[in-house]
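Input: a single structure, listed below in structure tokens.
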Amino acid sequence: MPVPPLPIIDDKFQSRDLYAPDVIANPYPYYQALRDQPIQFGLEDYPPGTVPGVDKPHPAWVVLKHADVVDVCRRPETFSSRDIMQEESEAPTLMLVNHDRPRHTELRAIAQKAFHPKRVMEDVAPWMERTVNKQLDLIGDAEVDFMRDLAPNLPALVMTRLIGLPEADYVLLRRWANAFMVTSDFTVEERQACNIELWSYFQEAVDKRYTKIERGAEVPDDLMSAFITAESDGNKLTREEVVRFCLTLVVAGAETTGYLLGNLIDVLVSEDGLYDKVRADRALIRNLVEESLRRDGPVQRLHRVCVEDTMIGEAHIKAGDWVAIFHASANRDPEVWERPDDFILDRPNFRKHVTFGNGIHHCMGAGIARNEAVQMITSIMDRYERIEPAGERIRQRGGLLNYGLETCPVRFVSA
């Protein structure tokens, strides 16, 4: 696909320049240019939920090498996941993502009981297949913008199903997640309003569910009920933590998986013969998804806060410093992957990617996202002989958190 023209990469380009819109649209050449340089300090970027123009970002060290990213992830006692900027803002803090031990261990044990494979994988699979096919029924043989008409819908619908929300509310969840993740363009007022609406929505929904449970009324076996009732070693979630868990699932799962789906369609359209090859051998769909997660994984970076003086590589990091770990750069590190910018379907070590994190903060929803991607591609290949480009595919430039398409016009051609 066409990529935006690159700002000049020379010895004047610094890690703080990664937030430029044209770099956001195509960051990988810049990661490559910076990766073998000494780790730099000075990137100012916004954690989820914060509002550019209102909240003040903390400058951070930029960590780009695979070995260094994994090193930071595996030292949670040194690199805290508490998001001080989020706590200082009006944004709600996220569950697990922004917790440290020992509370993180307690919360994860409770969440694992709620995330029972039967509840979040097996039971939802037939529904997911029907839902994808309903979405494709609305498209038929048509020219569509995949990023407007399909990609954001399935992840938001899955969240309504798993959490136990009215299906029609998926449109609201899409918008709120988009604003929270600081990716697309919103005004200051729109972001602030979305954060308030998101919190109020889940607070009301959780309060109603608590009332039903306390009255002994029958409630559905969904994640909201599970979060309320799940217990581990005598620990249970508070009412506010249940609200935050539901909110976290939506903002972390809805937008990011939408970008994953769009990136998959982009590579199927861009790589000659790839669609035909995978369509002929469906066992390759899992490889397709994993290599896409490695090369074009939506999540670009997360923040950590150093709590004691330490080293990352040869860089001296002081207590209190912010650190931005770039999973996306790590996933294209030539020290780990041969020809890292190429899409290689049978790449032998693609599962070393860190798109879903590493260490104690590995994403609990990774299996759900993978299944959504597999189901979407399977249903498309069942129905369509080919996918053709139908215009320019443009990548979003609104924020550095996610790498994904803003527009993706394609034409589906039936078998």
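The values are calculated or read from the model by the stated rules, or taken from the named source; none is laboratory data. Keep in mind that what you see is a predicted model, and the values were worked out from it rather than measured. Heads up, the Cβs are rebuilt from the backbone with ideal geometry, glycines too, and the neighbour counts pull from every protein chain shown. When the accessible area is computed, the model is the full protein with side chains, heavy atoms only, and any ligands, DNA or RNA have been set aside. Shrake-Rupley method; radii C 1.70, N 1.55, O 1.52, S 1.80 Å.
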Would region 270-288 turn up any residue that is out of contact with any helix residue (DSSP H, G or I) (no Cβ under 6 Å at 6 or more places or on another chain), within 27 Å of residue 70 (Cα to Cα) and either of a type in the set (Lys, Arg) or open to solvent by 30 Å² or more (accessible area, probe 1.4 Å) (or both)?
yes
For region 33-48, what are the residues that are more than 22 Å from the chain's Cα centre (by Cα) and not charged (D, E, K, R)?
33, 34, 37, 38, 39, 40, 41, 42
Quick one: in region 79-95, of everything that is part of a loop (DSSP other than H, G, I, E, B) and not charged (D, E, K, R), which residue is farthest from residue 181 (Cα to Cα)?
81
Any idea which residue in region 364-415 is farthest from residue 247 (Cα to Cα), counting only those that are crowded, with 17+ Cβ neighbours inside 10 Å and among the polar types (S, T, N, Q)?
379
Residue count, region 272-330 (criterion: touching a Cys at 6+ places or on another chain (Cβ under 8 Å) and in contact (Cβ under 8 Å) with a residue 60 or more places away in the chain)
5
State the number of residues belonging to region 238-252 that are more than 17 Å from residue 195 (Cβ to Cβ) and among the basic types (Lys, Arg).
1
Find all pairs meeting these conditions: Cβ atoms under 9 angstrom apart; at least six residues apart or on different chains; first residue within region 134-161 and basic (Lys, Arg); second residue part of a helix (DSSP H, G or I) and surrounded by fewer than 17 Cβ atoms within 10 Å (Cβ to Cβ).
161/127; 161/167
If I ask for residues that are surrounded by fewer than 24 Cβ atoms within 10 Å (Cβ to Cβ) and part of a helix (DSSP H, G or I), which ones from region 292-326 would you list?
295, 296
Within region 203-220, is there a residue that is closer than 23 Å to residue 110 by Cβ, within 23 Å of the chain's Cα centre (by Cα), modelled with pLDDT of 95 or more and open to solvent by less than 10 Å² (accessible area, probe 1.4 Å)?
no
Selected residue (criterion: nearest to residue 220 (Cα to Cα)) from residues of region 155-183 that are small (Gly, Ala, Ser) and open to solvent by less than 20 Å² (accessible area, probe 1.4 Å)
156
Determine if region 33-47 includes at least one residue that is assigned to a loop (DSSP other than H, G, I, E, B), surrounded by 22 or more Cβ atoms within 10 Å (Cβ to Cβ) and touching an Asp or Glu at 6+ places or on another chain (Cβ under 9 Å).
yes
Hits in region 353-363 - residues which are touching a helix residue (DSSP H, G or I) at 6+ places or on another chain (Cβ under 8 Å) and either surrounded by fewer than 20 Cβ atoms within 10 Å (Cβ to Cβ) or among the charged types (D, E, K, R) (or both):
356, 357, 359, 360, 363
